[in-house]
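Worksheet: the structure to be examined is printed underneath.
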Amino acid sequence: QVQLVESGGGLVQAGGSLGLSCAASGSILRLNIMGWYRQAPGKQRELVATITNTGSTNYADSVKGRFDISKDNAKNTVYLQMSSLKSEDTAVYYCNIKTRSTYYVAWNDYWGQGTRVTVSS
């Protein structure tokens, strides 16, 4: 089992910045991908950004150039720095970790409880 504890989020004006963090604990295996997803009201959950155990990153097109994902491997903590925020970034942001011991087994998938980000225009 893996536990994810999120912090950050809140209310920010359009054009502003906000940071999220997520600390993972428990059975974090050798191969892992940590990241952030978000779900706006009435919409499906969507990927925001991910970072692998080797540091490779992936971003949704809608946040490229505005959001930055990073990770502290020693603390098993992933960060999302959001800037130039828009009203359409308003959503509940969920931390996620996928972890497995080898490439030949399925991922174990865990989710945080979510933290709300509201961007006022």
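The values are calculated or read from the model by the stated rules, or taken from the named source; none is laboratory data. The structure presented is a predicted model; accordingly, all values stated were derived computationally and were not measured. Heads up, the Cβs are rebuilt from the backbone with ideal geometry, glycines too, and the neighbour counts pull from every protein chain shown. Accessible surface is based on the protein model in full, side chains and every heavy atom, while ligands, DNA and RNA are left aside. Shrake-Rupley method; radii C 1.70, N 1.55, O 1.52, S 1.80 Å.
Observations on the structure shown:
- Estimated distance in nm for a label pair at Thr54 and Ser27, the labels positioned 7 Å out from Cα along Cα-to-Cβ: 2.5 nm
- Qualifying trypsin sites (Lys or Arg not before Pro) for segment 1-99 [loop in DSSP, other Cβ within 10 Å: at most 12]: Arg30, Lys43, Lys64, Lys75
- Between the residues Gln1, Cys22, Ser83, the greatest Cα displacement towards the positive end of the dipole of the chain, with unit charges on the Cβ of Lys, Arg, Asp and Glu, is found for Gln1.
- Rounded to the nearest 20 debye, the dipole magnitude of the chain is 140 debye, with +1 charges on Lys and Arg beta carbons, -1 on Asp and Glu beta carbons, and the Cα centre as origin.
- Sites count as exposed loop sites when they are chymotrypsin sites (Phe, Trp or Tyr not before Pro), lie in a DSSP loop, and have at most 12 other Cβ atoms within 10 angstrom; the longest stretch of the chain without one is 1-102.
- The Cβ shell under 15 Å around Trp107 holds other residues with a net charge of +2, Lys and Arg each +1, Asp and Glu each -1.
- Take every DSSP beta bridge whose two residues both sit in the chain; close to 90 percent of them are antiparallel.
- The string of couplings for segment 79-87 from the Karplus curve (6.51, -1.76, 1.60, θ = phi - 60°) is 10, 10, 9, 10, 9, 6, 5, 10, 4 Hz, one whole number per residue in order, with x for Gly and Pro.
- In order along segment 96-111, the Karplus-derived 3J(HN,Hα) couplings, from 6.51 cos²θ - 1.76 cosθ + 1.60 at θ = phi - 60°, round to 9, 9, 10, 9, 7, 7, 9, 6, 9, 10, 6, 6, 8, 10, 10, 10 Hz, and Gly and Pro are given as x.
- Accessible surface calculations at 1.4 Å, restricted to protein heavy atoms, place the chain at 54 Å² per residue.
- Just the protein heavy atoms count here, and of the accessible area of the chain at 1.4 Å, carbon and sulfur take up 47 percent.
- 3J(HN,Hα) couplings calculated from phi for segment 113-121 with the Karplus curve 6.51 cos²θ - 1.76 cosθ + 1.60 (θ = phi - 60°) are, in sequence order, 7, x, 9, 8, 10, 10, 10, 8, 9 Hz; Gly and Pro show x.
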